[in-house]
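The block underneath contains the structure these notes are about, expressed in structure tokens.
Quick note: the coordinates plus some simple rules give every number you see, no bench work behind them. Keep in mind that what you see is a predicted model, and the values were worked out from it rather than measured.
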Amino acid sequence: MTVLIVLALAAAAAWAWRRYGTSGRTGAGASAAARARELRTVWVRLASAAGVQTEAGRQAARWEAGADGERRTAARLAPLTREGWILRHDRALPTGRANVDHLVISPSGRVFVPDTKRWSRRYPLTVRGGRLFHGDRDVTSRLAGLRHEARTVGQVLGVPVTPLAVIDGAPLVGATGQPVRELTVDGVRIVPAERIADVLRVSGSLPGQRSAAHLAKAADRALKPYTSR
């Protein structure tokens, strides 16, 4: 019984620190990591320590994997700042509970919303009949949120915004079964995570409708860090 009490107290202390001691963090993956912390309650931690899998524990693991994927994408985007690009991460939309993983503004004033998708590399991504498949599973609907985010950011900034699905893990395969550098579904460009910076350099070289500085100020006014709302 004493051992169980000690374990419970330790789990409670760990949960409280992770839940409240780190609640003010912002940046790439911050909101996903915060959601994982919320799910890992004292009882979930005790169950995990006892080798018992729970649905909340599995969800927390998925959120943690998503946060890690966002941080990896942010690291890949970081070199662009030395070239005059403006980056914002984990920003809340003005209404609703959705967030933008990454907001990228080129020096010429082009705006992009890359959204990290960390999907298993065991299954390829393919486009068949205008639908996106991860292995045999139709995942087209998982792009709907990204299109909504890009439309909303476009309305906020008053300029066109390009949605980019950044795939961390799953290989991209074309109709002939050969690897491809990019896929497109319903206006969403789908690119491997390791190519995101190069894709942006090419696409961002075209002239935009407003200056990068103006767009950054507008974004900072309307799109606040998600975890500090």
*Separation of alpha-carbon centers, the range 70-117 and the range 182-206, rounded to whole Å*: 13
*Give me D for the range 88-148 in µm² s⁻¹, whole number, from Stokes-Einstein with Rh from the Kirkwood sum over alpha-carbon pairs, 4 °C and 1.567 mPa s.*
95
*Only Cα pairs under 8 Å and at least 6 apart count here; give the relative contact order of the range 120-227 as a rounded whole percent.*
25
